[in-house]
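Undergrad: The structure's right below; bear with me while I get my questions together.
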Amino acid sequence: MTLEVVKYGHPALRQKGALIEKITPEIKKLIADMFETMRASHGIGLAAQQVGLALQLTVIDVREADKERPSTIELKGKPADVGEIMPLVLINPQIKPLGESVEGGEGCLSFPQIYGDISRPELVDVKALDEKGKVIEFRAGGLLSRAIQHEVDHLNGILFIDRMSRKTKEELRAELDELQAATKAELQKK
């Protein structure tokens, strides 16, 4: 089932997600619905906050975008094929950013048609649970690293606009204000 992606101005986007203690049938259904929603929206990542739920859960699939913006992955210290772990479910993820910061373009399903360059560390070590509750650990680079950092930010109530330079944010101010006002007006109708 496709879920509604909440937009900038919705309070769920600023909430830190609760840890998931148990992989229940409801969590499994939520994961499936989040993948369906992400694909229907042509995204490469979706956090629970973006569907209005404050949980430590995100789904990611960079296979389509990977053709233009490559990703790397290391499993147990050895390079691996990114496709091997896609689509990716991260429950209660812990990340450790590594390497030099690199600037790259980012968008967000909660900010339709708004893009900006964001500086993020080039690599990230990840430890999380998968959809079966099994611990997964890997090192990601390229677009996958960027996507993971973006989604884990969501899980902590941090938005990509918080990482933008002051200049970029000022250039987008009118669009951001308009989106936030429209979201708040929509929420008041409910």
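Values quoted throughout were computed directly from the atomic coordinates according to the rules given, and no laboratory measurement underlies them. Note that this is a predicted model, so its numbers are computed, not measured. Neighbour counts are summed over all protein chains in view; Cβ atoms, including those assigned to glycine, are modelled from backbone coordinates with ideal geometry.
Undergrad: Using a 10 angstrom cutoff on alpha carbons, build the Gaussian network for the chain and name the most mobile of I23, I118, I60.
TA: Residue with maximal mean-square fluctuation among I23, I118, I60: I23.
Undergrad: With unit charges on the beta carbon (Lys/Arg positive, Asp/Glu negative), name the residue among P93, Q180, S119 whose Cα is farthest towards the positive pole of the charge dipole of the range 11-189.
TA: Of P93, Q180, S119, it is P93.
Undergrad: While we're on this one: Determine the gain in length on full extension of the stretch Q94-R166; use 0.36 nm per residue of separation and subtract their C-alpha separation, reporting nm with one decimal.
TA: Values: separation 72, 0.36 × 72 = 25.92 nm, distance 2.78 nm.
Contour length minus Cα-Cα distance gives 23.1 nm.
Undergrad: For the chain, give me the percentage of DSSP beta bridges that are antiparallel, rounded to the nearest 5 percent.
TA: Working: 36 of 37 bridges.
Of the beta bridges lying entirely in the chain, close to 95 percent run antiparallel.
Undergrad: Mind running the shape call on the chain? Use the C-alpha gyration tensor, a ≥ b ≥ c as the square roots of the eigenvalues: rounded below 1.5 for a/c, prolate if a/b tops b/c, oblate otherwise. Intermediate values should be presented prior to the final figure.
TA: Working: a/c = 1.85, a/b = 1.21, b/c = 1.53.
Oblate is the answer for the chain, as a/c is 1.5 or above yet b/c matches or exceeds a/b.
Undergrad: Assigning unit charges at the beta carbon (Lys, Arg +1; Asp, Glu -1) and nothing else, what dipole magnitude in debye, to the nearest 20, does the chain show about its Cα centre?
TA: 480
Undergrad: Checking the a/c ratio against 1.5 first, then a/b against b/c, what shape does the Cα gyration tensor give for the range 63-113?
TA: On the way: a/c = 1.43, a/b = 1.37, b/c = 1.05.
Judged from the Cα gyration tensor, the range 63-113 comes out rounded (a/c under 1.5).
Undergrad: Anything over 25 Å Cα to Cα? Flag those among K28/K189; K16/K167; K22/K189; K7/K67; K16/K190; K16/K169, in the order listed. Walk me through the numbers before you get to the answer.
TA: Values: K28/K189 31 Å; K16/K167 27 Å; K22/K189 35 Å; K7/K67 28 Å; K16/K190 23 Å; K16/K169 23 Å.
Beyond 25 Å between Cα atoms: K28/K189; K16/K167; K22/K189; K7/K67.
Undergrad: Projected onto the charge dipole of the range 3-84 (+1 at Lys/Arg Cβ, -1 at Asp/Glu Cβ, origin at the Cα centre), which of Q15, S41, P25 gives the Cα projection farthest towards the positive end?
TA: The residue sitting farthest along the positive end of the dipole is Q15.
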